[in-house]
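Note sheet for the following structure.
The values are calculated or read from the model by the stated rules, or taken from the named source; none is laboratory data. Note that the structure is a prediction, hence the values are computed from the model and not measured. For neighbour counting, all protein chains shown are included, and Cβ atoms are generated from backbone atoms with ideal geometry for every residue, glycine included.
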Amino acid sequence: MKGKGKSVLTSKIETEIELLQRHVAMLKAIMDNEPIGIIRLSEMLEYPQHKVRYSLRILEQEGLIEPSPDGAVTTEKIQDFLDHLKEILETMSNTVNELRESIE
């Protein structure tokens with residue numbers, strides 16, 4: 001291992017989960033405060049503006065948000081995505097629990 005808790009085997013999944021966590025936090029903030037702009041999102045969530053812009057771009061590419069003159073707003077695809085995300089997270093949780101049990 002390269003240092004405490006750092007491993008090539010786990011670092012990629014940790015990074016991806018942190019990124020998903022940021023995107024979902026951004027999505028929830030938009031849902032709760034739409035329309036909302038980059039500066040306000042950055043201040044609310046305490047993420048730098050460049051990370052907010054990146055997340056907004058990803059969420060827009062997924063069709064979950066769209067720009068408006070007053071800021072980002074959600075689209076009609078949001079509920080289907082959230083339902084799908086819950087299913088994926090449940091599956092991942094089960095897989096993680098099985099993996100944990102296999103090494104105990």
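For the reader, a short list of remarks on this structure follows.
- Any chance M26 is more than 26 Å from I13 (Cβ to Cβ), without any contact (Cβ under 8 Å) to a residue 40 or more places away in the chain, in a helix (DSSP H, G or I) and not acidic (D, E): no
- V73 vs. criteria of a type outside the set (K, R), modelled with pLDDT of 95 or more and assigned to a helix (DSSP H, G or I): no
- Residue count for the stretch 1-33 satisfying the condition of being surrounded by 10 or more Cβ atoms within 10 Å (Cβ to Cβ), over 17 Å from the mean Cα position of the chain (by Cα) and not polar (S, T, N, Q): 1.
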